[in-house]
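Asks: If you scroll down you'll find the structure; I have some questions about it.
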Amino acid sequence: MMKSARKLSYVEFPSQYVWNKSNKVWTRRKTKTKSLGIINHVSPKSGDVYYFRILLNKVKGPTCYGNIRTVNETVYESYKDACYALGLLDDDREYISSIYETHHWATVSFCGSLFVMLITSDSLSRPHHVFKETYNCLSDDVVHIREQEIGVRVLKLKPKAIFHLTLSYIEKSLLSCGLSLKQIPNMPLPDHKYIQDSCNMLIQDELNYDPSGLEV
């Protein structure tokens, strides 16, 4: 790799160099074209491949796999260890980014499964913080999911009901893995009273009215 390129991360490299297919080498760009490399999404379920992807976005000018795992002249045995050494996982921000990134193309159920997987794999330092930061992703479509479950076309749920419903789906997934929200420090617990009251069909009938038709 060229010396002038050693200060670039993997995704930044295409901003200054172009891949020459004929000679199979990188050559410096002749025009100042804005360009960034794109690395395919990798789920945390992929293990070390996921942490390898994180490092490709952070490490400047690696020339071999060992360089990518090197932090302050120490070569770590795994990419995950290198991520921790760089402080990339201590505050869970990379996991939060992963859930947000997943939300762009996957269903809410899939995002919930990802969150549960991160908990059960003991990857998160502060699960409650990750839940708070990604709540919009985890709760985005739970009303529609609940509509399908109880056979209601238009279900009007209050914010508290949506909050507890989201938690109930997470708890259900955790229980299937032999774990519970009760075992996770500082995590809120689902209050099924809010869910039951909001999904009561008599209450829904009262809510399903046309406000404009009541105007005098």
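Asks: Could you list which residues have their amide H under 5 Å from that of R69, counting only those 5 or more apart in sequence or on another chain, with H placed in the peptide plane?
Replies: none
Asks: Right, next: Evaluate 2.2 N^0.38 Å with N set to the residue count of the range 58-126, then give the Cα radius of gyration divided by it.
Replies: Output field value: 1.30.
Asks: Using a simple spin-label model with points 7 Å from Cα along the Cα→Cβ vector, what separation in nm is obtained for C64 and L179?
Replies: Taking the two extended label points, one gets 3.7 nm.
Asks: What ³J(HN,Hα) values, in whole Hz, does the Karplus curve 6.51 cos²θ - 1.76 cosθ + 1.60 give for the range 60-77 when θ = phi - 60°, with x put for Gly and Pro?
Replies: Along the range 60-77, the couplings run 8, x, x, 10, 7, 4, x, 4, 5, 8, 9, 10, 6, 6, 9, 8, 7, 5 Hz.
Asks: Separate question: Once ligands and nucleic acids are excluded and a 1.4 Å probe is used, how much of F52 is accessible, expressed in Å² to the nearest 10?
Replies: F52 exposes around 50 Å² with every protein chain in place.
Asks: As an exercise, use a Förster radius of 30 Å and the Cβ-Cβ distance of T31 and S97 to find the FRET efficiency, rounded to the nearest 0.05. All intermediate terms of the calculation are to be shown ahead of the outcome.
Replies: Details: r = 31 Å, r/R0 = 1.05.
According to the calculation, E is roughly 0.45.
Asks: Could you tell me what % of all Cα pairs in the range 27-153 have separations over 27 Å? The partial results should precede the final answer.
Replies: Working: 2631 of 8001 pairs.
Pairs farther apart than 27 Å: 33 percent.
Asks: If you don't mind, there's one more thing I want to ask. Give, in nm to one decimal, the length gained when the segment between V49 and Y84 is fully stretched (0.36 nm per residue of separation minus the Cα-Cα distance).
Replies: 11.1 nm
Asks: While we're looking at this one, here's another question. Taking a point 7 angstrom from the Cα of T107 along the C-beta vector, which residues in the range 168-190 have backbone N less than 20 Å away?
Replies: It comes to 168-177, nothing else.
Asks: Using a simple spin-label model with points 7 Å from Cα along the Cα→Cβ vector, what separation in nm is obtained for Q196 and S22?
Replies: Output for this residue pair reads 7.6 nm.
Asks: Give me a comma-separated list of calculated 3J(HN,Hα) values for the range 93-107, in order, Karplus coefficients 6.51, -1.76, 1.60 applied at θ = phi - 60°, integers in Hz, x for any Gly or Pro.
Replies: 5, 5, 6, 4, 4, 5, 5, 5, 5, 5, 4, 5, 10, 10, 7
Asks: Continuing with this model, one more query. Can you pick out the pairs among K21/K80; K132/K160; K7/K132; K58/K80 whose Cα atoms lie more than 24 Å from each other?
Replies: Where the Cα-Cα span goes over 24 Å, the pairs concerned are K21/K80; K7/K132.
The values are calculated or read from the model by the stated rules, or taken from the named source; none is laboratory data. All values derive from a computational prediction rather than experimental measurement. Glycine gets a Cβ as well: all are built from the backbone with ideal geometry, and neighbour counts include every protein chain shown. For the accessible areas, the whole protein counts, side chains as well, though only heavy atoms, and no ligand, DNA or RNA atoms are used. Shrake-Rupley method; radii C 1.70, N 1.55, O 1.52, S 1.80 Å.
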